[in-house]
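These notes are about the structure you will find just below.
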């Protein structure tokens, strides 16, 4: 048995020197040291030996087992090191190689951006400048200064995200009117872009987050005729020279008189279709002469200064201009959708 034990050791060491993979090493370890291995088989025959021989065989067997276990672990570490070195060599990049030129597909601007730039550029051409305000706004600017004091029923027209009793996410860009009236020198012409927020269930025509652009003109002798002419100019600049606009009486607490702006249907050219419900007209925004109370609330005399304003949903204009049937497409960032606007 002592000779068999020595033979097992020599054979295992010889086989170990030829091992090239971790799978081979595992197989060898199991065949020698496992439950059904050669070394275990010898130990099971110890019952036939005398006490002195059993003690000697056990001592030698444990020495062989410990030696082989250490050799297997060393070989395992060496194989792991070799594998890691091969991986590094395989993944190595020669930074001195010349670059490979590949065709890169150019991205596309979101239709919101395209429409925003068209409206902005049209108004800048009329002498307007850009003015912006915070998206997290005070209730005072969003409502009170705009002639909507606490408990005013018109507040219910806008479902609002409140941070606390005094702070909210702005429901329109009109708070910037109050900020401009309180901080800028009069007269001025402003175009006011920005995101707005209202509690609304998303569907094909509604979104809790939407893009709005506001126009505000403050001067001493502005009139409804000036408002109509300005709106007509920017409608033609955005939708085309063949598109007409009209004002239709309406109500907003911060303008008096107030009006809705309709444009001749961009789908049927004003002849009447399902998109315009057969009327030939499509509503795009609200406007009006700024309420004197708003001017007074912001520290100016309504006898000296007059103003007009309008607010347009950039999302709605984009849908009308490009025939987009679902407003959610604008915000999803799908490359297949955006690629159409290259």
Scope the stretch 138-194; condition closer than 13 Å to residue 253 by Cα, part of a helix (DSSP H, G or I) and either free of Cβ contacts under 8 Å to residues at least 40 places away in the same chain or not assigned by TED's automatic domain parsing to the domain that holds residue 294 (or both); matching residues:
142, 153, 155, 156, 157
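Considering only the stretch 51-71, I want to know if a residue exists there that is part of a loop (DSSP other than H, G, I, E, B) and in contact (Cβ under 8 Å) with a residue 40 or more places away in the chain.
Initial filter on the stretch 51-71 (part of a loop (DSSP other than H, G, I, E, B)): none.
No, because not a single residue in the stretch 51-71 is part of a loop (DSSP other than H, G, I, E, B) and in contact (Cβ under 8 Å) with a residue 40 or more places away in the chain.
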If residue 227 passes every condition in (1) within 35 Å of the chain's Cα centre (by Cα); (2) buried (at least 20 other Cβ atoms within 10 Å of the Cβ); (3) outside any strand (DSSP E or B) but one, which one does it miss?
(1)
Going through 27, 10, 52 one at a time, which residue ends up being surrounded by 12 or more Cβ atoms within 10 Å (Cβ to Cβ) and either more than 17 Å from residue 69 (Cβ to Cβ) or modelled with pLDDT of 75 or more (or both)?
27
Against the definition (over 26 Å from residue 230 (Cβ atoms), over 29 Å from the mean Cα position of the chain (by Cα) and crowded, with 16+ Cβ neighbours inside 10 Å), how does residue 155 come out, yes or no?
yes
Test result for residue 19, assigned to a loop (DSSP other than H, G, I, E, B) and in contact (Cβ under 8 Å) with a residue 12 or more places away in the chain
yes
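Do we find that residue 243 is surrounded by 17 or more Cβ atoms within 10 Å (Cβ to Cβ) and part of a loop (DSSP other than H, G, I, E, B) in this structure? Reasoning before the result, please.
Values: surrounded by 17 or more Cβ atoms within 10 Å (Cβ to Cβ): yes; part of a loop (DSSP other than H, G, I, E, B): yes.
When the stated conditions are applied, residue 243 passes them.
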When only residues in the stretch 246-273 that are surrounded by 18 or more Cβ atoms within 10 Å (Cβ to Cβ) and part of a loop (DSSP other than H, G, I, E, B) count, which is nearest to the chain's Cα centre (by Cα)?
266
Restricting to the stretch 103-127, count the residues that are out of contact with any helix residue (DSSP H, G or I) (no Cβ under 8 Å at 6 or more places or on another chain) and either buried (at least 18 other Cβ atoms within 10 Å of the Cβ) or more than 21 Å from residue 238 (Cα to Cα) (or both).
4
Among 240, 269, 194, 278, which is on the phi > 0 side of the Ramachandran plot and touching a helix residue (DSSP H, G or I) at 6+ places or on another chain (Cβ under 8 Å)?
194
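The values are calculated or read from the model by the stated rules, or taken from the named source; none is laboratory data. What you are looking at is a predicted structure, and each value in this text was computed from that prediction instead of being measured. Cβ sites come from the backbone with ideal geometry, for glycine too, and all protein chains shown count toward neighbours.
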